[in-house]
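Each remark here refers to the structure printed beneath this line.
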Amino acid sequence: MRKILIVYHSMGGNTRAAAELVAQGAQAVEGTRVQVKEGLKAGVKDLLSCDGIAVGTPDYFSYMAGGLKDFFDRTCYPTEGHVTGKPCAIFVTHGGGGKAVQSVKKLCRRFKFKLVAPPVLIENMPKTKAAQKKLMGLGRALAKACTA
Ligand SMILES: Cc1cc2nc3c(=O)[nH]c(=O)nc-3n(C[C@H](O)[C@H](O)[C@H](O)COP(=O)(O)O)c2cc1C
């Protein structure tokens with residue numbers, strides 16, 4: 001059974017909705033267990049014990065949200081060298097910009113995660129079928145990239 005961790009921050013609910021769609025996509029791959037956690041509540045054990053991770057954030061002032069940054073800050077040194085090559089997916093919701101994705105990509109490189117697909121950027125709430133399909137596809141790609 002492969003274990004996928006989805007860590008996100010969301011003040012207004014858009015990124016939470018996106019996280020749930022990524023979770024649905026991953027869950028659709030047989031033999032996958034998905035855990036969805038807010039950044040402020042996820043920690044070292046969660047990161048070490050998952051087979052793959054998706055990280056999601058809104059764009060706040062062209063940077064990732066504090067809740068996701070807090071997760072990265074607390075887990076970086078304690079997991080260093082133990083998460084190299086871990087499959088990873090990134091999703092960002094934004095209000096028309098989306099530059100925050102650069103900050104997430106930079107930290108994922110710092111952790112030496114392996115991106116399984118290009119980051120998915122969604123404008124505000126993922127309401128359209130196209131946005132939902134992209135997010136579910138990202139979750140599916142992440143699960144498929146992880147060995148069970
Ligand atoms: C404090 C704050 C700062 C924001 N800054 C940006 C920004 O710099 N660029 C952008 O495209 N959207 C910006 N937005 C819009 C949000 O990224 C967008 O609405 C996002 O989907 C909100 O996600 P949430 O509902 O999960 O909090 C900002 C929103 C807030 C509340």
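The values are calculated or read from the model by the stated rules, or taken from the named source; none is laboratory data. The structure presented is a predicted model; accordingly, all values stated were derived computationally and were not measured. Virtual Cβ from ideal backbone geometry, glycine too; neighbours counted across all protein chains shown.
Whether a residue is away from the ligand (no atom under 16 Å from the Cβ) and either surrounded by fewer than 21 Cβ atoms within 10 Å (Cβ to Cβ) or touching a residue at least 60 places away in the same chain (Cβ under 8 Å) (or both) was assessed, and Lys127 does not pass this test.
When Val92, Val55, Val104, Val116 are checked against the criterion of being more than 16 Å from the ligand (Cβ to nearest atom) and at pLDDT 95 or above, Val116 stands alone in meeting it. Residues in the range 2-55 that are assigned to a loop (DSSP other than H, G, I, E, B) and either on the phi > 0 side of the Ramachandran plot or of a type outside the set (A, V, I, L, M, F, W, C) (or both): His9, Ser10, Gly12, Gly13, Glu30, Gly31, Gly39, Lys41, Gly43, Asp51. One residue alone among Phe91, Phe61 is among the aromatic types (Phe, Trp, Tyr) and more than 17 Å from Phe113 (Cβ to Cβ), and that residue is Phe61.
Residue pairs whose Cβ atoms lie under 7 Å apart, separated by 6 or more positions or on different chains, with the first residue in the range 1-23 and modelled with pLDDT of 95 or more and the second near the ligand (Cβ under 8 Å from one of its atoms) and among the charged types (D, E, K, R), are Tyr8/Arg16; Ser10/Arg16. The set of residues from the range 43-67 being among the aliphatic types (A, V, I, L, M), within 12 Å of the chain's Cα centre (by Cα) and over 14 Å from Gln102 (Cα atoms) comprises Leu47, Ile53, Ala54.
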